[in-house]
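The values are calculated or read from the model by the stated rules, or taken from the named source; none is laboratory data. As the structure is a prediction and not an experimental result, all values here were calculated from the model. We place every Cβ from the backbone using ideal geometry, glycine too, and count neighbours over all the protein chains shown.
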Amino acid sequence: MGRVSLCSLQGRESPKRSKEKGQAPPVKYQRHSAIRELVGNSLVSNQDELRRKLRRRGFEVTQATLSRDIHELRLSKGPGGYVLPNSAGTGAAPASADEDGPPTVAEMIESFGLSATQAMNQVVVRTSMGGAQPVAAALDRAGWPEVVGTIAGDDTVLVICPDPRRAVEIESRLKAILES
């Protein structure tokens, strides 16, 4: 029966622990640079396409990691695909009043929103294809007290509220933006 001593395990650390101690190569920064280059120089219409392009460059990423990277890099997704923050002339991301800030709920709803329908304590927001995630991210960033959280697919956002009364309020707010 083989024994494993504590000494033999001390040299082996998990990648996460190594990163915390600053010993691992900055893979995240290399991946972020690759994402910036891909989005800046080619059409990337969805996360799966971005994941495939990253894999060809040697970066194996999960959907969760890629979503986190997209959020951290503040990429926007418009009809033409992903764009870098403050990308001029693409027409894919709406210009915001504060050029350095992320797009507002109103800007995202105006760009992607199609309808909003209350269902119990939830609101279902229909968007154009690929518009759900930017709309959900804007709702999450806005910090509206009536919104507990969001779940986004490709063209649908589920907005979860604490009760039906607040869901009606959110539906009204979103419909007012859609109708303006």
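Out of 66, 43, 50, 54, one residue alone is more than 14 Å from the chain's Cα centre (by Cα) and at pLDDT 85 or above. It is 54. Among the residues of region 98-129, those identified as crowded, with 19+ Cβ neighbours inside 10 Å and in contact with a Gly (Cβ under 9 Å, 6 or more places away or on another chain) are 108, 111, 112, 113, 125, 127. May I ask you to verify whether residue 135 is modelled with pLDDT of 85 or more, closer than 19 Å to residue 45 by Cα and crowded, with 16+ Cβ neighbours inside 10 Å? Spelling it out, residue 135 is indeed modelled with pLDDT of 85 or more, closer than 19 Å to residue 45 by Cα and crowded, with 16+ Cβ neighbours inside 10 Å. Take the conditions more than 23 Å from residue 144 (Cβ to Cβ) and either at pLDDT 85 or above or under 18 Å from the mean Cα position of the chain (by Cα) (or both) and apply them to residue 84. Does it pass? Judged against the criteria, residue 84 is a match.
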